[in-house]
Structures are given as structure tokens and as C-alpha cells.
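Below you'll find the structure, written out as C-alpha cells, and then a few comments.
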């Protein structure tokens, strides 16, 4: 058999890049770690599951429809979103998860020699997609666990095309207020595309938290990402979208893969949008989970970062990868934060109370007991 | 910083003695062109002469050899690449052509002689792609001059920065002033060499600098294998015990490799300043020093990623060690035992020996299993004794079931399993060391 001369075929930026290796399926992990249960607190999934109307769509999906291609441009969902947000349907692009939308935007605006700017300690996919596409990702350090607007502005050069802001930030939960985002956009003055990733926006209740979609008419260089994976619990169906000025979205659409969003995902997402009660129930679960976990972590003497979103980041007195193994051996799956450049931190998805209690019990077994605080 | 694309030149030539002058002349000229001094280029040429002659004796007529010389900044490397199908792999045992009982014939061993002229020598079989024989000759550098080192003082304020060449030199000098030899790798004796290592991108460094450039400490790291990064330091120069500098330096290293394919970070020269909460102790190795004394070095390790678990192969005689280590390190592993069920084996085994002459270390790796493994190993060990190489290691990749067949051979010849390096090869690597009473 002739060998493929890969060395001559593969571009340099791909040679230096490594494929992301996702975790093994639950049954394999349980076997290898020798645990009988597996409580998933690693991916910021919503343990309440999809909204009721989405469940019904999934339950009643007629198997013969699996043989028919989905709507190539996710027609009905875009019209529904347009109606909900008072925009034109062509201002929306739906992707196979918001990750696909990241790729669309970078492909649409970057060419050889261009760069993007984001934070060093944020969702990794902006940096990854840029780098495996052959573009430079400039990383600006967080300040007090939040995106540094001044630092990002300083980093801009003539080849900067896109700035990515995760608002609220995964994994710290910090966010820019509306005033701060407006000031940033004013100073960019349309010279670059500003992407605001609002994957966790439905979890935020603070009044000063900006709704990026409402600002698009004022800032045509603003592109907003949203997902159905987190609050709407449709992560397994992979569906997310971007929204922006019509002219900008028209450019992005040129790089978009059509038919990448399956029929069930489109219908389930459309049904999910009307369920305000689901959002309230989830927020309530997250609020109670955070209150419980915060108290327990304080008692254990463990520092933690509790911002917006359905997660908390905990600082451990040991390597996060060792803690992961020790927790997995007890059936607790958490997210290590070394890959987010927060070594020795783990991120916990807020879940139902029984899962939170089980997590605290497991965590107590692997961290040293703190010295009791003396009462004065 | 990404490693620079290396400069190289290559020659494709038949393994025929008539081309020996061409091969040696090519390597000598390439080495000088790539930056070696004349004396070092001559050493590499001598090694090439031995290797090329040896290959000519072993090869079938018309066998093609590619010789590629490349620069790594502080060294020149000559790779001899050839297809394995026309060679008897047994010939690549260092001990293949002679009896080790015969002192005179020891002198005729081309591979061994070649290994003496260079700092590093290695034979590796690349599955389906042939064999690569590698010679590495380093540039010569002046040793450090500690007289010029400015005094150090605690820095309440500092920032972590990438260094310029002069800062690398100063950092190296300060490490030599403030730390004892056992926690300093050999190359730190030569500041110019460290500059070249960092400039070339093969090594990376981060320094803690005060507001006006005063140096408080630093850390250096490099890729030590396919999936493993090794760090040296953090080294601190007279900093207060409550300073966060060591942690910040380590986090700079972790941040730089966090989104690469690095599976693990290892520290084999741990200082007292190593933030141990980031690491797990793996085990210790013993290094024999020039004067015959020994130094025990504990290896510290941290995984960079969530361990997805895997299966490993083991000989029954290694199973107990593995079970104990995997339980201690909480590593999810399914151990699959390799059993000899009477199947026919190749009569000859093949071992690759990598020499690090500067540290007097030799690392054996299995290339092929065979029925003569005990004898082959014993012959290698005798040869290492002749060469005064006492720090002898063996690396076994547990993703390769055939490698575990060497376990009884190793134990019989006085090796002891010392530590498991998770995912350091295609799977976990077990490091054996010669000598069972080492401390």
C-alpha cells in the first residue's frame, strides 16, 4: 500500500494543532473509574431537561420524517426569533450549536495575517477556531476575573478583525454592564466586528446586564451569539444562533453550512422559546443550588468564584486533574479548569439539590478538613 | 512561542562504501554551515563515518539512505533514515556484531564508536516508515562566570514576562548562584546554550521581573516527549517565603501549555520552591554522579487534562506494581495481562539505546521482542559497564503488548520498576532503573 505524504499536504498551522478529544461516553467512564453512578456536573447542562413543549416535539417526532432533509436555512425558527425580538428573519443565522456560528464569523471576516482578540481565560473555542483556521488569537488577561476592555482596545492593530466577549464569562460568571459594553462599542466605532457571546444570558437577572440583541440597531458591527444548549437544555440536539445587522449577517451567511441543523432540533428550539415558566424554574433551581453550595464551600474553607450563570468555580488545594480523578471515582463528573488557564480550579454545574448534596459529600472526602474558626 | 521551523539540508545516497567520502563530506560541511565549530563538526563527521560504514556492511545493494542535517540552535542533528525491509533489524543492537567478552572486538562496534563522539545517539523504528538513526552534536559554550552576577533582593512587586537573551543569561547565572547542582540540569552551566535553546523555541522561559527590571526568579520548560512537557524551576532568588512568585511562574508555564496537546507536566529536578499543590509525586530515580555518588530525584507530575481512562497491557510480574501505582495515583486503568501461550517467537530481540553522554545516562527502549532477550539485555549491560555508564533506564510503553514481554528479562537483569508516567508514550510509560537497591 502506498503511503500518503501527509507532510507535504498538511498546512503548517494544522501541523501545530491538536484535535480536541472529548470525554468518553458515560458507560465507558463508569467502567474505567469503577463507579456505579455518574452525576454530570461538568458541561453546564440543565438537569431539569428541555421545556415541556420541546419534550413533546421530541416524543412525537414521526420516524418517517427522519428520511427528509431539514429546512436548510431553519426557516420557521428564524421567523419565530424575528418575531420575538422584533427583527428581520434574515438577521438570524442558526447553526449546529453556537460553536458552528463562531466558525462562520471567523471564516467570513478573517484572511491570512488577520487576528482576533479575546480573553486568556474564557471559553476556548474562539481561540481554537482562529488558530486552526490559521489566524492569530491575541489573548488579553482577565482583570479581577472579568474581561479587560482597556486591555482589549490596546491590543487592536490594523489586522484585527473580530473581538470576542463572553458575557457573562464562562467560567468566571463576570459580565460587562450595558454602560460598559456601550462605551466599548463606541470606542471601537465600527472598525472591527464585536461578537458578544450570550450563551448564559437567560440565567442573569441583574438589571444592568445588557441585552445585546436590543443594541444591534445602534451598533451594526455587533454580532450576538445565543444557544439552546444551556437554559433550554437542548445540548444533545446541537442548536444555537447568531444575530446581527442584516448586511453583516448576509456576509456571514456566505460561509454558512446549510442543512447542518436537524429537524428535531429546529422544532424543539422553536417550541422552547415560549416557555417562560421553564426559565423561572431553572433560575430558582440555580439560585437555591448556589446558596447551598456557597455556604458549604465557606464551611470547607475553599475559595470560589460565584458569578452569573449556572456554574461556580472552586479553587482547590490540589491539582484539578487529580481532584477530577478522585471525584470521578465517586461518580462525580466536574470540569477541570487547567484548560481554561485556571489551574487547580474546578467548575461545577449547578444542579438539583440531591446532586449538590452528593457533590459536597464527595468533595469533603478529598480535601483536607479546615481548622475550625475561633469565635471571638 | 512556537518552535521555529528548523533549517535543514539532506542527501539521498546509496548505502555503498564508494559514497563514504560523499556522506562524510556532506555532514561535515552541513554541520559547519549550520553553526557547529570545526572540532564539533569533525566529531559528528567521525560518527557519520562509523554509521555509514556500518550501514554499508549491513545493507543490501542499492539500499537508499537519506541523511538529513538540521540545526536546533545549540546543536546539529544528523538523521539517517532508511527503509527497514532490506536490513536485518538485529544489526541495530549495539552488541550485534561482536562478542562482548572480546575487548578487541568491542572496538570494532561502529554504532558504539559513533555514540561516543556525540552527545546524543538514538535508534528508533517508525512503524511502517523505516528506521531513523540520530546523532546529535552540541555546540561548545563557555561555562558561566558567576562573578558578574548582581545581588538579589525580595521583590514585593513583579510581573511575569518572556525574557530577552541577556535576561536569559542573567537568569542562568542566578540559578547557578542560588541553587545546588542536584536541582539544576546540566545545560544551566552554559548560559549561552540556554539562550540558544530559548531562541530556537525548543525551550521556553518566563521570568519574574521587578518594576525596574530586577530579576526575582524564573522557570524554563520544553516538550520532553510526544505528550509531556518538562519544567525546570521555578527558581527564586532571595524572595520572601510568603511571595506568590513561584506560583505565578508556574501558572505562566501552565497557561502557555494549557491549550496544547500536552497531557502532563513533569518536574524531575524539583526545587524547594516548587508549588507542590499543583503536582503529584510519581516516584524517584537515582542518578550516578561523576565522582560515583548518587542523587535521588523525586519526579513530580500533574495531568493537564481530565483523564478519560484507558487500558494497559502488563506482564503478570509487573501487575502488582501497576495495581499499586494506579491505586495510589487514582488512575483509571483496565489492566490486560499478556500471557505466553506457546506461540512461536522471533529468535532475536532488538533494543535501542539512547545515550546522554553529558549526564552519563543511557535509556533503553525495546524495538522488537525475541527469544534471546535475556542474553541480549545482559550483553548490553556489560557494554554499559565497560563504558562506565551506571544510570541505566528502560522505558516500556504499556500501549504495546509486545513490550511487556521484556518484563521478566528486566527483572532477571537487575532492573526495578520505579515509576509510571501517564500517557507519556502511546500509552503509559513504565520507567525501570538498573539496580534494585537504589535509594
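The values are calculated or read from the model by the stated rules, or taken from the named source; none is laboratory data. Treat the numbers as computed from the prediction; the structure is a model and nothing was measured. Glycine gets a Cβ as well: all are built from the backbone with ideal geometry, and neighbour counts include every protein chain shown.
Among the criteria (1) over 21 Å from residue B:365 (Cβ atoms); (2) modelled with pLDDT under 75; (3) crowded, with 18+ Cβ neighbours inside 10 Å, the one residue B:99 does not fulfil is (3). The residue of region B:222-245 that is farthest from residue B:184 (Cα to Cα), among those that are away from chain A (no Cβ under 14 Å) and touching a helix residue (DSSP H, G or I) at 6+ places or on another chain (Cβ under 9 Å), is B:239.
In region B:388-436, what residues are on the phi > 0 side of the Ramachandran plot and surrounded by fewer than 19 Cβ atoms within 10 Å (Cβ to Cβ)? Walk me through how you get there before you give the answer.
At the first step, the residues of region B:388-436 found to be on the phi > 0 side of the Ramachandran plot are B:388, B:414, B:423, B:435.
Of everything in region B:388-436, those that are on the phi > 0 side of the Ramachandran plot and surrounded by fewer than 19 Cβ atoms within 10 Å (Cβ to Cβ) turn out to be B:388, B:414, B:435.
Only one of the numbered conditions (1) touching a helix residue (DSSP H, G or I) at 6+ places or on another chain (Cβ under 9 Å); (2) at pLDDT below 95 is violated by residue A:51, and that is (2). Evaluating residue A:356 against the criteria (1) buried (at least 19 other Cβ atoms within 10 Å of the Cβ); (2) away from chain B (no Cβ under 14 Å); (3) within 21 Å of the chain's Cα centre (by Cα) leaves one unmet condition, (3). If only residues of region B:322-337 that are surrounded by fewer than 18 Cβ atoms within 10 Å (Cβ to Cβ) and more than 14 Å from every other protein chain (Cβ to nearest Cβ) are counted, the one that is nearest to residue A:35 (Cα to Cα) is B:324. Within region B:346-385, restricting attention to residues that are part of a loop (DSSP other than H, G, I, E, B) and touching a helix residue (DSSP H, G or I) at 6+ places or on another chain (Cβ under 8 Å), the residue that is nearest to the other protein chains (Cβ to nearest Cβ) is B:369. Quick one: is residue A:323 within 23 Å of residue B:263 (Cα to Cα), surrounded by fewer than 23 Cβ atoms within 10 Å (Cβ to Cβ) and modelled with pLDDT of 95 or more? Considered against the rule, which asks whether it is within 23 Å of residue B:263 (Cα to Cα), surrounded by fewer than 23 Cβ atoms within 10 Å (Cβ to Cβ) and modelled with pLDDT of 95 or more, residue A:323 comes out as no. Considering region A:1-33, the residues that are at the interface with chain B (Cβ under 8 Å from one of its Cβ atoms) and modelled with pLDDT of 75 or more include one that is farthest from residue A:136 (Cα to Cα), namely A:31.
Screening residue B:140 on (1) over 20 Å from the mean Cα position of the chain (by Cα); (2) surrounded by fewer than 21 Cβ atoms within 10 Å (Cβ to Cβ); (3) over 27 Å from residue B:423 (Cβ atoms) shows it passes everything except condition (1). Within region A:308-318, does at least one residue satisfy the condition of being assigned to a helix (DSSP H, G or I) and crowded, with 16+ Cβ neighbours inside 10 Å? Looking through region A:308-318, none of the residues is assigned to a helix (DSSP H, G or I) and crowded, with 16+ Cβ neighbours inside 10 Å.
Scanning region B:284-310 for residues that are modelled with pLDDT of 95 or more and assigned to a strand (DSSP E or B) yields B:300, B:301, B:302, B:303.
Given the criteria farther than 25 Å from residue A:211 by Cα and within 14 Å of chain B (Cβ to nearest Cβ), does residue A:134 qualify? Show your work before the answer.
Values: farther than 25 Å from residue A:211 by Cα: yes; within 14 Å of chain B (Cβ to nearest Cβ): yes.
Answer is yes for this residue.
Anything in region A:257-270 that is in contact with a helix residue (DSSP H, G or I) (Cβ under 8 Å, 6 or more places away or on another chain) and surrounded by fewer than 20 Cβ atoms within 10 Å (Cβ to Cβ)? List them, or say none. Within region A:257-270, A:257, A:260, A:262, A:263, A:264 qualify. Could you please let me know if residue A:39 is away from every other protein chain (no Cβ under 12 Å), closer than 30 Å to residue B:308 by Cα and touching a strand residue (DSSP E or B) at 6+ places or on another chain (Cβ under 6 Å)? Judged against the criteria, residue A:39 is a match.
Within region B:284-297, which residues are within 30 Å of residue B:338 (Cβ to Cβ) and surrounded by fewer than 19 Cβ atoms within 10 Å (Cβ to Cβ)? Write out each step before concluding.
Of the residues in region B:284-297, the ones within 30 Å of residue B:338 (Cβ to Cβ) are B:284-286.
Residues satisfying the conditions are B:284, B:286.
Listed conditions (1) crowded, with 16+ Cβ neighbours inside 10 Å; (2) within 14 Å of chain A (Cβ to nearest Cβ); (3) closer than 21 Å to residue A:319 by Cβ; (4) touching a strand residue (DSSP E or B) at 6+ places or on another chain (Cβ under 8 Å) are all met by residue B:261, apart from (4). Among the residues of region A:95-125, those identified as out of contact with any helix residue (DSSP H, G or I) (no Cβ under 6 Å at 6 or more places or on another chain) and closer than 21 Å to residue A:43 by Cβ are A:96, A:97, A:98, A:100, A:101, A:119, A:122, A:123, A:124. If the condition is being out of contact with any helix residue (DSSP H, G or I) (no Cβ under 7 Å at 6 or more places or on another chain) and under 22 Å from residue A:313 (Cβ atoms), then region A:277-287 contributes A:282, A:284, A:285, A:287.
I'd like the residue in region B:246-256 that is more than 19 Å from residue A:140 (Cβ to Cβ) and either more than 9 Å from chain A (Cβ to nearest Cβ) or at pLDDT below 95 (or both) and, out of all such residues, is surrounded by the most Cβ atoms within 10 Å (Cβ to Cβ). Among residues in region B:246-256 that are more than 19 Å from residue A:140 (Cβ to Cβ) and either more than 9 Å from chain A (Cβ to nearest Cβ) or at pLDDT below 95 (or both), the one surrounded by the most Cβ atoms within 10 Å (Cβ to Cβ) is B:249. On inspection, residue A:102 fails the criterion of being more than 14 Å from chain B (Cβ to nearest Cβ), at pLDDT 95 or above and surrounded by 21 or more Cβ atoms within 10 Å (Cβ to Cβ). Every listed requirement among (1) within 14 Å of another protein chain (Cβ to nearest Cβ); (2) more than 25 Å from the chain's Cα centre (by Cα); (3) surrounded by 14 or more Cβ atoms within 10 Å (Cβ to Cβ) is met by residue B:305 save one, (2).
Filtered by the rule that a residue be more than 10 Å from chain B (Cβ to nearest Cβ) and in contact with a strand residue (DSSP E or B) (Cβ under 8 Å, 6 or more places away or on another chain), region A:328-345 gives A:331, A:332, A:345. For residue A:34, the criteria (1) assigned by TED's automatic domain parsing to the domain that holds residue A:308; (2) at negative phi hold in every case but one, which is (2). Which of (1) surrounded by fewer than 20 Cβ atoms within 10 Å (Cβ to Cβ); (2) within 16 Å of the chain's Cα centre (by Cα) is the odd one out, the single condition residue A:164 does not satisfy? Residue A:164 satisfies all of (1) surrounded by fewer than 20 Cβ atoms within 10 Å (Cβ to Cβ); (2) within 16 Å of the chain's Cα centre (by Cα) except (1).
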